[in-house]
Structure formats: structure tokens, C-alpha cells
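Here is the structure we will look at, set down as C-alpha cells.
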Amino acid sequence: MTLVSRIQLRGLTRRFGAVTAVDDVWLDIADGEFLVLLGPSGCGKSTLLRMIAGLLPPTEGTLHLGDTDITHQPPQRRDLAMVFQSYALYPHLSVARNIGFPLRARKLPRAQIRAKVAAVAETLDLTALLDRKPRELSGGQRQRVALGRALVRDPGAFLMDEPLSNLDAKLRAGTRAEIAELHRRLGATMVYVTHDQVEAMTMATRIALLDQGRLEQLGTPAEVYDRPASVFAATFLGSPAMNVLDATVLTVDGTLSARAEDIDLPLGIDATMPDRPVRLGVRPEHLTIAPPGEPGIRAVVTGVENLGSEEVAQCRSGTARVAVRGTRPLGVRTGEALTLTARPEHLHLFDVGSGRRLTWQPGAVPAAV
Amino acid sequence: MTTDEAVGEGSRARRLGGHLVLGVLSLLCAFPVYWLYATSLRAPEDVYSLSVLPWPLSTASYAEAFATSDVLGMLLNTGVVAVLSALGQLLIALLAAYAFAAWRFPFRRLLYLLFVGTWLVPFQATMLPNYVLLSRLGLLETLAGVIIPTLCSALGVLLLREHLNGFPKELLDAARMDGRSSWSTLWTVVVPALRPALAALGILLAITAWNEYFWPAMVLQRSNAVVQLGLRSFLGTEGNDWGPLMAMAGLACLPVFVLYLVLQRHIVNAFVRSGLK
């Protein structure tokens, strides 16, 4: 595969009347990348994918595939294959004819179509089902046929719109691994829409996190999880979500510390600065139970959830809710008072107004990234 | 004792009663058709007989019908009119409904309402302008004159658009992604999926065109080119020629029965599915 599969979105915007569904999104999707468009429903991720596919014209901005501006090319002329959420299999055609459909549209010789369909069916374990109609297939089989129809074309890039959302949990995990494996084997560019953070974390080479039509953060799964760019990113990824508490950064004895009525956490930065209100974020799995008398977050356990290998303790600190996640048993009981602590590198600070991440730059006051 | 009946299915007597009512109703519906064929098969002197069974059987009425008029020619002409009119209406309705359902264009709703609104204009209001137009075009006394003004069917557009509205849009998108143009999507994806609806509509339109009397009577005036007009020749001021009349009417019904038998499966499908949507 050549560099042709690089997809560039330059300021793509889509408005429906007064509603802006996608707002000035710039993305450079490298050849061979598995980019996941992640976000809650209504964040514009499917609209963005449909614009890349050519099924929806952008209101503003341009789209480039390789060096070509494809903003105004109809979908059938873009070298892109799409897998739909509903699979969109043609109900009147057999599995073989469904998979061969894009090739017949391209007027390939029959023998070649048959050979390609057979090869794709072989990789997806569909050979025994080739003569069946879609209504005679299970959800997982339909999903594989939809994948096959995309694969058979050998397209410049694959677009997938929540392809696993109609599968049950067990099948989803299996298919997730299959798609990731497929991506490794083909080395093809994939743009994958989902609202499921597990799919995003496990399959993506990069995640584009969207909120209200805007690109909130772009980065590898580890970057997005470990250094969330905003409160939204911090609370969208992770289960349970990151705890976010109101606090103030104070200078105590020459080091910085996050304080509030029930909070006293050192930030591990030796510096002085004027007091500044912040939002303090810490992931449930990074909280540990401190010995009594140590500084930390004072909280009362309100409930314990058993996840099998782990437990989640739901706590209340003042008016805020705090979740703690750890190996089962955590050894806490409902109603127990605790002090929770976390290492300084696991604490995240966000601006109160904008919600953007704050980083410490020596010689300056903390500034928005 | 237990049975497999659902709870509250009622007693055996009630079910029997229901079947009895349905049986009587279907007899009532079938009787005129039976009487038509029975009369056509009576000997000429028994035509007014009230015996339920036509005995002795005679084909004299059929022979007379064939001898006095060109029955086969008329059946053929009527067939041509019915088939061309139905196919033409189907094609135009399909294209219009596809455009209305799958495309976004300015004034779409208004145009659709106007289109469907023509359904409300009664035949009596359009028959004279149509007649004058045909006369200017020199199409009076021709089968083309009978067919052409019927080609645009608001009913067809309405029905097919309703079916297409329930058609998953993702399939249209998928076909476009798979490299089909809009035109090719229509024939490779939409039409196969709409087959039951098209069959149901087609049979409805064909039967309507087959049974049409008034419009062909206007356009074809003096000639008896279609079978419904041919029937006139057995109705006279001195009395009706019941035997050949019934024979010809019986022959005129046959193609409709055959059409229904062939397409029945599709029709039942179409009605069942439109109920499930």
C-alpha cells in the first residue's frame, strides 16, 4: 500500500441549520494508522465519518486522500470502504453476492470476482455460509459478511461506524481482537467510530476524542488516558471515571500542595506561587488507603462494588463522590472513614473555567496547555 | 384434559360459529362468479333456467361469442393495454418515488404534495381536456390513446414512496460506498427489495386497466377493440344476449384470475410486510 491512504481533514465543519455537528476539525491520519473517533453519542463522530466517506458534504473545510482533494468527489469515486453499524447487507443477495457486490459494481471479470470472494470468505471463516441469505445468519456472521464486503475491494482505507455495537459482549471481545489482527495483517488505514472506550483503548493507534463537534484531544490511547487534556477527556475514559474534586493549589513550606476542606495532597513540586483554585483529578486505581494521620483525601465509604478480580469502593468526601479501585478485597466496609492518598505523578490539575489541563512550567505560574 | 390452545381461545362451538359465518360470506362472494360461468355453460334454451347445476353442459354460448366477434383479438388488445399501462405506471411511479424518498432537493415536500394531490382531481375533470389533447395528437381510436393518459399514477407514487421511506437508508449509502451510482443502486438494491410491493401494485394497476370501461369507450368510440367494449355488442335495445355475454365476460375474467394466482404469493407478502412496518 502506498502513501495514497493518508487522509487529511482540514477544518472540516458541518452545520445542520443552527446546529453545528462538527466544528473545525483538523486531523492528519497517517497511512496504516488505526484512528478511533471516540465520543459520547451526539458528539459528531458519525457525521465526521460520513463526511470522510463522502455521504455528507462538509459545510466548510476540505478533505484530502493522499495528495488529492476529494472534498467534492462522490463516494463511489473515493477509494474507501465502509462498514455500517447495521451492517447494511443487501437482504435479497446471498453472502457470496453481498461480498462480491462492490466488485460487480466495478465490472470485474466473473472468474476474478469468484476467486476474490472465496479468498475473503476463507479469511473470515465464511466459506460454509456463502449460499445463505443475510436473514439466515447470526449477528456475528452478518458482521463478518459486512467486513468481507469491505475487505474484498482492497480499498485505500476502511471506515467503520460502530461495527460492534449490535453484538453481545462476548462476541464483541472476540471480534475486537479479530479487527485489530486484521489491521496488523493488512497494514491498512482504518478510521473507526465508537462510543466504547474499551474498543478505543484496545484497538487504536491513536484516539481522536470528540465532544460537541470539537476535537477535544488527539493522541495514543496511553497519552489520552495518562495525560487527559481536559476534564471531559479525564472523565470520559476510565471505569469508574476519574475523580475530579475542587481544590486550591497552595504553597506550603516551599512546596506546592492541593488543599480543600477534606483534601491535603502534596503535588511534589518545590516552588512557590500565588494560591490558585483548580480542579484536581485522580484515577480510582491510583488512590490508595493511607495509614491514619497521613495527609490525603478524607472520605467515608458509602458502598463497595465487587467486580470479581477487583473491588470499587464508592466514597463521599464532603459533598464530592470519590471512587477507589483496587484488587479484591480492598478491606473496607460501608460507613468506614478513610484517608486516601496518591502519588504526585498521578495527580492531574485542570483549570476551573476552561477545564483544560494545567502543567507546571518552572519559572512561570501554571498555565493552560 | 389440556389442549395446546392459547388461554381464552374460547370454546369449540364459538370457533365453529366463526367458521360458519366466514363460510357463508365466502359463498356469497363466490356465487355471482359461479353463476356467470354456470350461465355461460348452459344450452341456449336453458339460459333463463334457475337450476343450480348447468345441465346439460353446452359450449354453444362460447361458439356464438367467437362467431359474432373477434374475442381473441379483443383479449389480446386488452392485455396489451393492461400490461403497458401497468408497466408504464410502475416505472414512472418507481422513479418518482425513489427521487422523493432518497434525494434531498428544494421544494421536495411541496412537489410531492402536488404530485399526490393530482389523485384528488376526479377523472371527470380531466377526461375532456385529455380527450381534446388526444384528438389534436391524432391518437383517438388508437390503443396508445387509451394507454398514455393513464401512465402517471399518483397512487403508485404514494404507495412506493411509503415503502421506500421504510427502506433502510444505510443500504443506499452502502451501495454508494460499494461503487454504485444512484441509477444503478435503484436497479440492483432498491427494486429487488421492493419486489413484493411492486408486484402488488402491478397487479392492482393491471386489473384496473383491464377492467376499465369508460375511458376506452370514449377514446375508441366506434370500435370494440377491448373486451369490456366488446361486451356491449351483446346488450341490445331488444334484449340482452345472455349466453354469449356471460361466455365473453367469463373469458374476460380468466386472465385476472391467472394473474392473481401467479402473483398471489407476492401480494400476500406485500400486505403482511407493510403491516409489520
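Dipole magnitude of segment A:242-303 about its Cα centre, charges +1 at Lys/Arg Cβ and -1 at Asp/Glu Cβ only, in debye to the nearest 20?
It works out to roughly 180 debye.
Give a quick list of trypsin sites (Lys or Arg not before Pro) in segment A:43-107 that DSSP marks as loop, anything other than H, G, I, E or B, with at most 10 other Cβ atoms within 10 Å.
A:Lys107
State log₁₀ I(q)/I(0) for the protein assembly as shown at q = 0.08 Å⁻¹ as given by the Debye formula over alpha-carbon point scatterers of equal weight, solvent excluded.
Results for the protein assembly as shown at q = 0.08 Å⁻¹ read -0.83.
So if I place +1 on the C-beta of Lys and Arg and -1 on the C-beta of Asp and Glu, and nothing else carries charge, what would the dipole magnitude of the protein assembly as shown be about its Cα centre? I want it in debye, nearest 20.
Here the protein assembly as shown has a charge dipole of around 1140 debye.
Roughly how big is the B-A contact, given as buried accessible area in Å² (both sides, 1.4 Å probe, nearest 100)?
Interface area, both chains combined: 1700 Å², rounded to the nearest 100.
For peptide B:183-194, how many partner chain Cβ atoms fall within 10 Å of a residue's Cβ, on average?
Numbers: counts 0, 3, 2, 0, 0, 6, 6, 0, 1, 4, 4, 1.
The mean count of partner-chain Cβ atoms within 10 Å per residue comes to 2.
Can you tell me the dipole magnitude for chain A around its Cα centre, using point charges on the Cβ only (Lys, Arg +1; Asp, Glu -1), in Debye to the nearest 20?
Its charge dipole is roughly 2000 debye.
Amide H of A:Leu358: which non-local residues (sequence gap of 5 or more, or other chain) have their own amide H closer than 5 Å, using H built in the peptide plane?
Residues meeting the criterion, in which the H sits 1.01 Å from N, are A:Leu349, A:Phe350, A:Asp351.
Out of B:Gly79, B:Gly166, B:Gly250, any idea which swings most in a Gaussian network model of chain B, alpha carbons joined below 10 Å?
Maximum among the listed residues: B:Gly166.
Percent of accessible area on segment B:17-94 owned by carbon and sulfur, 1.4 Å probe?
Carbon and sulfur atoms account for 81 percent of the accessible area of segment B:17-94.
Quick one: net charge of A:Pro75's neighbours, Cβ under 10 Å, K/R +1, D/E -1?
Charge balance near A:Pro75 sits at +3.
Taking springs between alpha-carbon atoms closer than 10 angstrom, which of A:Gly61, A:Gly353, A:Gly32 fluctuates most in the Gaussian network model of chain A?
Fluctuation is largest for A:Gly353.
Segment B:46-118 to segment B:225-266: how many Å between their Cα centroids?
After rounding, the separation between the Cα centres reads 13 Å.
Would you mind computing, in nm to one decimal, how far apart the modelled labels at B:Leu128 and B:Arg232 are, each placed 7 Å from Cα along Cα→Cβ?
It is 2.0 nm.
Checking the cross-link filter: which aspartates and glutamates have an alpha carbon closer than 13 Å to that of A:Lys133, excluding same-chain neighbours under 8 positions apart?
Partners within reach: none.
For the protein assembly as shown, build the charge dipole from Cβ charges (+1 Lys, Arg; -1 Asp, Glu) around the Cα centre, then report which of B:Gly17, A:Asn98, B:Leu95 sits farthest towards its positive end.
Of B:Gly17, A:Asn98, B:Leu95, it is B:Leu95.
Where in segment A:55-72 does accessible area fall by at least 20 Å² between the isolated chain and the complete protein assembly, at a 1.4 Å probe radius?
Listed in order, they are A:Leu55.
Per 10 Å bin, what percent of the C-alpha pairs of segment B:12-61 does each bin hold, from zero upward?
Bin by bin from 0 Å, the calculated values are 25, 34, 21, 15, 5.
Just to be sure I understand: with springs between alpha-carbon atoms less than 10 Å apart, which residue in B:Ala154, B:Ala30, B:Ala13 has the highest mean-square fluctuation in the Gaussian network model of chain B?
It is B:Ala13.
What value, in deg cm²/dmol to 500, does the helix sum -39500 (n - 2.57) over DSSP H runs of n ≥ 4 give at 222 nm once divided by the residues of chain A? Don't jump to the answer; show the numbers that get you there.
Values: 8 runs with 84 residues, N = 369.
After summing the helix terms and dividing by residue count, I get -7000 deg cm²/dmol.
Taking only the alpha-carbon positions of segment A:243-368 and ignoring solvent, what does the Debye formula give for the base-10 log of I(q)/I(0) at q = 0.11, 0.15, 0.18, 0.19 Å⁻¹?
Reported log10 I(q)/I(0), two decimals: -0.38, -0.68, -0.92, -1.00.
Which distance in Å, rounded to a whole number, links the C-alpha centroids of segment A:36-70 and segment A:239-314?
Centre-to-centre distance over Cα atoms comes out at 39 Å.
What part of the accessible area of chain A, given as a whole %, is carbon or sulfur when the probe is 1.4 angstrom?
Result for chain A: 51 percent of the exposed heavy-atom area is carbon or sulfur.
Report, as a whole number in µm² per second, the diffusion coefficient that Stokes-Einstein gives for chain A at 4 °C and 1.567 mPa s using the Kirkwood radius over alpha carbon pairs.
Estimated via Stokes-Einstein, D reaches 56 µm²/s.
Assuming R0 = 60 Å, what is the FRET efficiency of A:Ala169 and B:Ala30, from their Cβ-Cβ distance, to the nearest 0.05?
The formula returns an efficiency of 0.55 here.
Which whole-number value in Å² is the accessible area per residue of the protein assembly as shown, probe 1.4 Å?
Values: 32850 Å² over 646 residues.
Result: 51 Å² per residue.
Projected onto the charge dipole of chain A (+1 at Lys/Arg Cβ, -1 at Asp/Glu Cβ, origin at the Cα centre), which of A:Gly219, A:Ala271, A:Gly355 gives the Cα projection farthest towards the positive end?
A:Gly219
Using a 1.4 Å probe on protein heavy atoms, which residues of segment B:124-173 have at least 30 Å² less accessible area in the complex than alone?
When all protein chains are present, B:Glu170, B:Leu171, B:Asp173 each give up 30 Å² or more of accessible surface.
Once R0 is set to 25 Å, what does the formula 1/(1 + (r/R0)^6) return for the Cβ-Cβ distance between A:Ser41 and B:Lys169, expressed as a FRET efficiency to the nearest 0.05?
Step by step, r from the Cβ atoms, then E = 0.85.
Specify which residue in the list A:His64, A:Ala30, A:Pro75 is farthest towards the positive end of the charge dipole of segment A:1-78, using unit charges on the beta carbon of Lys, Arg (+1) and Asp, Glu (-1), about the Cα centre.
Going by the Cα projections, it comes out as A:Pro75.
List the residues of segment A:80-94 that lose 50 Å² or more of accessible area once all protein chains are present, compared with their chain alone (1.4 Å probe, heavy atoms only, no ligands or nucleic acids).
So the qualifying set is A:Phe84, A:Tyr90, A:His92.
The values are calculated or read from the model by the stated rules, or taken from the named source; none is laboratory data. None of these values were measured; they are calculated from a predicted model. With ideal geometry, Cβ positions are generated from the backbone for all residues, glycine too; neighbour counts draw on all protein chains shown. Calculation scope for accessible area: heavy atoms of the full protein, side chains included, ligands and nucleic acids excluded. Shrake-Rupley method; radii C 1.70, N 1.55, O 1.52, S 1.80 Å.
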